Structures are given as structure tokens and as C-alpha cells.
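Computed from the coordinates by the stated procedures, all read-outs in this text should not be read as laboratory data. Keep in mind the model is a prediction, meaning the values are calculated, not measured. Methodologically, a virtual Cβ is constructed for each residue, glycine included, from the backbone with ideal geometry; neighbour enumeration extends over all protein chains shown.
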Amino acid sequence: MKFKNTHVDHQVTDEATYLNRRQLIQAGVMGTAALMSPSAWSLTLPKHQTNDAFVIDELTSEKDATTYNNFYEFGLSKSDPAENAGSLKTAPWTVTIEGLCENKGQFDIEQLVKQFQLEERIYRMRCVEAWSMVIPWLGFKLADLVKFCQPLSAAKYIYFETLYDPKQMPGQRGRSIPWPYREGLRLDEAMNELTLMTVGMYGKKLPNQNGAPLRLIVPWKYGFKGIKSIVKIKFLDQQPVNSWQAIAPQEYGFYANVNPQVDHPRWSQATERRITGGFSLFNSRIKTQMFNGYGDYVADLYKGMDLSRYY
Amino acid sequence: MKHITSLKVAVFTACMLPLGWMVYDGFQHNLTADPIEELLHRTGIWTLRILLVTLAMTPLKILTGSALFIRIRRMLGLFTFFYASLHMVIYVWLDLGLDWGHFLEDVIERPYITVGMLAWLLMLPMAITSNKRMIRKLGKAWKRLHQTIYLVIGLGCLHFLWLVKSDLTEPLIYTGIGLTLLLIRIIHYVHGRRKTRVAENRHPQT
């Protein structure tokens, strides 16, 4: 097997990319090793393959995607997470599964991830602040994890929590958000084939500032739905309140579907600034797509719903 | 005279530094992943900062008695307008790509953009009349016109408060400084009127 770093020229070929651990380390050395956070996470990324259904040509550069982050647990500015997230210990890491399901318990991240088939998917990521990136994620379907948990028929929602530990997460000493960060999905949204539990990006394990060791990616929703550094998963019969909804319910809802027709009360969502690989000083706004361009996969989930009410 | 010239050169240089810094960071590719947003933020924040420094000149004159502060006030005011205009150009040209339909929609529908736009428009006549000829020509009206600056600082702070996503600390600090500067003037004005009245009572006319 020959490793091919398909991202160097911001192109992703349709050639399958198989990696093993040793080659991953090489990739790190050849590529942008200096940018990788010195995390102690020991997870071995199993073999995975690029999913050809989700190939997009122009990727955001790895440097931009790993140094321009909203992760208030490490500070409010977008450069803070890359600077401060070194204090996060991602090994050992335990994920607690609880609530309305059969397979409850505490699971070691490494053991848990081994249960599932990893794949690479390139998704658009649209932030509620009206900028966007294109990122190659590595992960497994949340649907597979849900099946693994064996939810009871009463379970209608899935709920996630980020780690709460102000010693490791200095931003939690402030009160910008009622900690820990919380997110949730309707169970049918969780079962959608796009919804990805993510453990890596750009062919490597997730850097801490991007939500190591385990985060959620829901590409048709605004980025804040993609909860990072998950320690708890819970099955519920009632809709949970996610963090941004709790902070400002008139501005952020539970659904948070990307929707150019429903503006944020204070700014327009019709357009976005795409952060690409190159120097983007002269990149004017582009049009935002309904469901971030993933309508074919997800529009049916919201049939008959008034999306200006359920924003 | 030499004194005031070197002071003016120093102020001019200081006011050019934020721009120089932006240009330097631009060439170093050091304007974050979203350079347009970064430049919008930096030009906006420097507009507010220099505006607050401009507004501090009269209180400083009151407190120290030195007229030097008044001599550099015009240059500071013009630099405020300069950074506000850069802010506008970056927004309309780089961010919106000269999409005037989008621009109009923003100005009408986004309150923070409406007040920001209004603040810039209110600065325009002040910038135009900031020369000796206009001061002489307009007389008392000039002073009244230039008092619009209080409205501009209010709108500027509101613009900042309305666009912040969650943490209001920074815009509240700027608002607090603005209010303090305004308070010093009000106290001085009220105090001055009382003195005048007392003086008038002591030496009644006729």
C-alpha cells in the first residue's frame, strides 16, 4: 500500500487512500507536523477510505482549519484554541453512554472507535457567523454508534456533552457559556447518513483545538452543532436545550439548519465568506446554499415544518 | 512653534502605525484565516480608539489648562474619519464585492450596519468643514455642527455592541470611556454656567 498525500495541491483524487499508523506518522512528518498539537492521544486510526460521494475540489488549508477555531473552552478569540488547547489530555478518555438505551456504560474511546468503520468525507462547514470552510474529516456514521447503543423505542433525541474541566479547559473559568457545552439532535437526524462522529481531519487524528478526541459533524447545520471533545451521550424522550439556544433563544435554535432565507436577527445568512487554501483577502462573499448544499440528503427530514419558526 | 510641529509629526506617525501594521501583516500573511474579517475588525476598532482620543482632547485641556491638546484635535478627528472610511471601503469592496443590492439590504435591514453607516455619514460634513476657511465662514454654526461627534461616538459604540456574538466586555469598555469623557464635559459646562451666573449676580448690568 502506498500512501498518497492527496491534499497537498488542495485536490482530492478519487484514488482510494489507505493509511496505516506508521504511514500516518510519516504523513505528519512530511506534511505539517509543526501544526499538529502535541496531544497525548494514542488512538490508532484504523484503515479507512475516502468516500467518493463527498469529494469537493478546493479544500481549506490545514493550517487555516486548525488555527481559526471557535472553541470557547479555550478562549473567545479564534486563535485561542490552537494556542491553549495543549492542556487538554485526550488519553485516557472515557465516553459515558446513558439514558433510554440498552447498551449503557462507560467506554474507552479507543475500544469504542474500533467498533466502527472509519471513512474520510469532505464536507462544507458553514459557521453561523457567515464564514465557511471545506474540510476532509475522518469518522464513522453516528447511525452506527446509535445502533451500537440500542436505543429504546421511547428515545426520540440524542444529547451530547463536552468535557467540563476548567483545569484543562481554561476558557471554562470564565462564564461565556453555562458549562458544559451541550448539543442535541432528533434521532432521525442522528441516523441520517451524513451525520459523522469524527476522530480525525486531513488524514490525521483530530488536533485538540478541533475537538479531540471525538466530535460531531452535521454538515447541513451551522458549525456550532458540531460539539467537540464529547464525554457524554444520552438518549432522551424530550428535546434537549443546546448551549447557544440557552444563551440566546431568539438568535439560535435547536435545529440550526443552514438556511439562506432565514437570517440571524442581527446579520444576513444569505452569503458567506469561504476560507480557501490560498490568501483570501480578495474572496468576496459567495451565496449560501439551502441545507449547506445537502438538501438531497436531508430536506425530507423537515417536510411540512416552518423553518423560519424552527430555526 | 517648533514645539507644536514636532508634536504634530509625532501624532501623525502614531496614527499611521495601525495602518502600517495591517499592511505589514498582510504581506506576512498574518491576517488570520479570514483576512477580510480581521481587517474589518482592526479598522473598526482603531476608528473607535482614535475617536475616543479625539474626544479626550477637550477634557485634557480642561484638566491641564494646556491648549496644545486643542491644536492636535483636528488631525485626530480626520484620522478617525480616515479609519472609518477604510472600514467602509473594506466592507463594500472586499467583503461585498461591490454588490450594491446587498449593501442596501444590509443598511436597511441590519441595525448595526444602519447605525454604523449613519455614524460615517455624520462624520462626512465634519471632515469637509475641518479647515480654517470653513471655521471662519460658519462661525457659531461650525461649533454646533462639530458637536455631532457626540452622536457619532454613541452610534459607534452601539454598532460594536450590536455585532458582538456573546461577550460584551470589550464594547462596554469603549462605551464606558466615551461616557466618562462626556461626563467631564457636562460637569465642566454646568460648573462654568454656575460661575457665570454668580459673576453676573455680583456685577449686575446697569
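In whole Hz and in residue order, list the ³J(HN,Hα) couplings for segment B:6-14 that follow from phi through the Karplus curve 6.51 cos²θ - 1.76 cosθ + 1.60, θ = phi - 60°; x for Gly and Pro.
The phi angles translate into 5, 4, 5, 4, 4, 5, 4, 4, 4 Hz.
Please flag any cysteine in the protein assembly as shown that has no other cysteine's Cβ under 4.7 angstrom from its own Cβ.
Cysteines lacking a close Cβ partner in the protein assembly as shown: A:Cys127, B:Cys15, B:Cys157.
Using the reciprocal of the averaged 1/r over all distinct C-alpha pairs, how large is the Kirkwood radius of segment B:117-206 in Å?
16.0 Å
Enumerate the residues in segment B:57-101 having an amide nitrogen under 20 Å from the point lying 7 Å beyond the Cα of B:Lys2 toward its Cβ.
Residues passing the 20 Å test: B:68.
Run the reach check for A:Lys167 against aspartates and glutamates, Cα to Cα strictly under 20 Å, same-chain hits fewer than 8 apart removed. What comes back?
Here the aspartates and glutamates satisfying the reach criterion relative to A:Lys167 are A:Glu73, A:Asp80, A:Glu83.
Less than 13 Å Cβ to Cβ from A:Gly99, Lys/Arg counted +1 and Asp/Glu -1: what total charge do the surrounding residues give?
0
Which whole number gives the average, over all residues in A:67-77, of C-beta atoms from other chains lying within 10 Å of the residue C-beta?
That average works out to 2.
Taking 41 Å as R0, compute the FRET efficiency from the Cβ-Cβ separation of B:Asp99 and A:Glu98 and round it to 0.05.
Once the sixth-power term is evaluated, E becomes 0.25.
Determine Rg/Rh for the protein assembly as shown; Rg is computed over alpha-carbon atoms and Rh is the Kirkwood hydrodynamic estimate from the same atoms.
1.07
At a Cα cut-off below 18 Å, give the aspartates and glutamates reachable from A:Lys104, other chains included and same-chain residues fewer than 8 away excluded.
A:Asp144, A:Glu161, A:Asp237
Once Lys and Arg get +1 and Asp and Glu get -1 on their Cβ, which of B:Ile177, B:Leu151, B:His188 lies farthest toward the positive end of the dipole of segment B:117-206?
Looking along the dipole axis, the top candidate is B:His188.
For chain B, what is the Kirkwood estimate of the hydrodynamic radius, computed as the reciprocal of the mean inverse distance between distinct Cα atoms, to one decimal in Å?
19.1 Å
May I ask you to work out the translational diffusion coefficient for segment A:167-263 at 20 °C, viscosity 1.002 mPa s, via Stokes-Einstein with Rh from the Kirkwood sum over Cα pairs, reported in whole µm²/s?
146 µm²/s
What pairs from A:Lys141/A:Lys287; B:Lys8/B:Lys61; B:Lys140/B:Lys195 go past 25 Å between their alpha carbons?
As for pairs spanning more than 25 Å Cα to Cα, those are A:Lys141/A:Lys287.
Average partner chain C-beta neighbours within 10 Å, per residue of A:273-283?
Mean shielding by partner chains, rounded to a whole number: 4.
Specify which residue in the list A:Tyr181, A:Tyr159, A:Thr198 is farthest towards the positive end of the charge dipole of segment A:153-211, using unit charges on the beta carbon of Lys, Arg (+1) and Asp, Glu (-1), about the Cα centre.
Comparing the listed Cα positions along the dipole, A:Tyr181 ranks first.
Assign unit charges at the C-beta atoms only (+1 for Lys and Arg, -1 for Asp and Glu), then state the dipole size of segment B:59-206 relative to its Cα centre in Debye, rounded to the nearest 20.
Taking the Cα centre of segment B:59-206 as origin, the dipole is about 1640 debye.
What list of ³J(HN,Hα) values in whole Hz, one per residue of segment A:113-125 in order, does the Karplus curve 6.51 cos²θ - 1.76 cosθ + 1.60 (θ = phi - 60°) give from phi, with Gly and Pro shown as x?
5, 4, 6, 10, 7, 7, 8, 9, 9, 9, 10, 6, 10
Of A:Pro265, A:Thr276, A:Asn208, whose Cα points farthest to the positive end of the dipole of segment A:202-277 (charges on the beta-carbon: +1 Lys, Arg; -1 Asp, Glu; origin at the Cα centre)?
Checked the options; the winner is A:Asn208.
Relative contact order (percent) for segment B:24-110, with alpha-carbon contacts under 8 angstrom and 6 or more residues of separation?
Rounded, it is 30 percent for segment B:24-110.
In Å, what is the Rg of the alpha-carbon atoms in segment B:20-116, and how long is Dmax?
Final numbers for Rg and Dmax: 16.6, 51 Å.
How many angstrom separate the Cα center of segment B:1-71 from the Cα center of segment A:236-259?
41 Å
Once you average over the residues of A:262-268, how many Cβ atoms of partner chains fall within 10 Å of each Cβ?
Per residue, the number of nearby Cβ atoms from other chains is 4 on average.
Treating only the Cα positions of segment A:62-132 as identical point scatterers, give the base-10 log of I(q)/I(0) from the Debye formula at each q in 0.11, 0.24, 0.25 Å⁻¹.
-0.47, -1.06, -1.07
State the volume of the convex hull built on the alpha-carbon positions of segment A:58-102, expressed per residue in Å³ and rounded to an integer.
Cα convex hull per residue, to the nearest whole number: 156 Å³.
Which percent of Cα-Cα pairs in segment A:187-234 sits in each 10 Å bin, short to long?
With 10 Å bins starting at 0, P(r) equals 26, 56, 18.
If you place +1 on the Cβ of every Lys and Arg and -1 on the Cβ of every Asp and Glu, how big does the dipole about the Cα centre of the protein assembly as shown come out, in debye to the nearest 20?
The dipole magnitude comes to about 3440 debye.
Which net charge results for the neighbourhood of A:Pro213, defined as the other residues with beta-carbon distances under 11 angstrom from its beta-carbon, given Lys and Arg at +1 and Asp and Glu at -1?
Charge balance in the 11 Å sphere: +2.
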